[in-house]
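Undergrad: My structure is below; once you've seen it, I'll send some questions.
Derivation of every value follows stated rules applied to the coordinates shown; laboratory data play no part. Bear in mind the structure is a predicted one, so any value in this text is a computation, not a measurement. Positions of Cβ are generated from backbone atoms using ideal geometry, with glycine treated the same way; all protein chains shown enter the neighbour counts.
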Amino acid sequence: MARKKAGYVPALGWDILTPLYDPLVRVTTREMGFKSRLLDEAGIDKTARILDVGCGTGTLLLLARRRSKSLLAIGLDGDMNVLDIARSKARRDVEQIALIQAFCFDMPFADGVFDRVLSSLMLHHLTRSEKVRTLQEVFRVLRPGGEFHVADWGQPHNLLMRMLAFSVRLGDSFARTADNVKGRLPALFRDTGFEKISETARFATLFGTLSLYKAHKPLTAAAHRRSGSASVHSLMGV
Ligand SMILES: C[S@@+](CC[C@H](N)C(=O)[O-])C[C@H]1O[C@@H](n2cnc3c(N)ncnc32)[C@H](O)[C@@H]1O
């Protein structure tokens, strides 16, 4: 059973396991396949500002920056230990990414500042009420017409995937993973105000079905305060 810290669950449930996160995810989830597909879906090379919520060790952000050197790529995670790993990977790859320690349900950004918000393997860590608050925050920080792209455990698409999903449910709690495996994430996106919601891909993994979703913030959504400058501080409204 994962150990909930103040405000977040560590990447593999326990701090002591965090250094094993990258090798484990690489071999068990077809990581490069689903993360590349997520960036394709998000049209990352045509965007200026992205946020990765629950960025963990920063793999997705680094892949995004490799596609577009002009991209302002910001990662948010509640766990300082996992951000330290992301920081050292960014230094090694000489990539410019900004990493911020904060909780996904209380983001330190101004309204409407991101073109895309991405989230990979994070929503299943949250309780229902944390998911709802997080989706409201994602909606708030996206510009009208902006897009939310998610990769996370989805509804198992066959018996084998249902059996394999059991280990994730056991490790990450049956309550927190229920909305994922019962296929309820699209309904939660819709309840938040997103439109044009779709499941764009499914990957069979050793932990069950991994689904990709996309959702749009309507162009008609409330006006926002967008800063002209693209510094991290301006996005944070400071
Ligand atoms: C399974 S890891 C996924 C990391 C990365 N996105 C990936 O795809 O490899 C989930 C991440 O979500 C973060 N997380 C969990 N709850 C959070 C919260 N309430 N606020 C911010 N980050 C959170 C954890 O610290 C962890 O790094």
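Undergrad: What does the highest-first list of 169-180, 139-150 look like by mean Cβ count within 10 Å?
TA: Put in order of decreasing packing, that is 139-150, 169-180.
Undergrad: Looking only at segment 103-121, which residues have a backbone nitrogen under 18 Å from a spot 7 Å from the Cα of residue 87 in the C-beta direction?
TA: Flagged as within label range: 103.
Undergrad: For segment 61-122, just list the percent of Cα-Cα distances falling in each 10 Å bin from zero outward, please.
TA: Whole-percent P(r) values from 0 Å outward: 19, 55, 26, 0.
Undergrad: Here's a follow-up. Would you look at the GNM of the chain, springs on alpha carbons closer than 10 Å, and say which of 112, 33, 56 moves the most?
TA: Fluctuation is largest for 33.
Undergrad: What's the FRET efficiency of residue 204 with residue 24 using the Cβ-Cβ distance as r and R₀ = 22 Å, to the nearest 0.05?
TA: My answer for the efficiency is 0.80.
Undergrad: Assuming 0.36 nm per residue, please report the length gained on full extension of the stretch residue 162 to residue 36 beyond their Cα-Cα distance.
TA: Numbers: separation 126, 0.36 × 126 = 45.36 nm, distance 2.47 nm.
This chain segment gains 42.9 nm when fully extended.
Undergrad: Kindly put 80, 107 in sequence by how many other C-beta atoms sit within 10 Å of each C-beta, fewest to most. Numbers along the way, then the final one.
TA: Details: 80 9, 107 20.
Neighbour counts put them in this order, fewest first: 80, 107.
Undergrad: Can I ask one more? Note the full-extension length gain between residue 127 and residue 66 as 0.36 nm times their separation in residues minus their Cα-Cα distance, in nm to one decimal.
TA: Details: separation 61, 0.36 × 61 = 21.96 nm, distance 3.32 nm.
Separation in residues times 0.36 nm, less the Cα-Cα distance, equals 18.6 nm.
Undergrad: So if I average 1/r over every pair of distinct C-alpha atoms in the chain and take the inverse, what Kirkwood radius in Å does that give?
TA: Here the Kirkwood hydrodynamic radius works out to 17.7 Å.
Undergrad: Net charge near residue 131, counting Lys/Arg +1 and Asp/Glu -1 over other residues with Cβ under 12 Å of its Cβ?
TA: Net charge around residue 131: -1.
Undergrad: So, one more: Once you've got the Cα coordinates, tell me which of 35/182; 131/182; 182/217; 131/217 are over 19 Å apart.
TA: Too far apart for the 19 Å limit: 35/182; 182/217.
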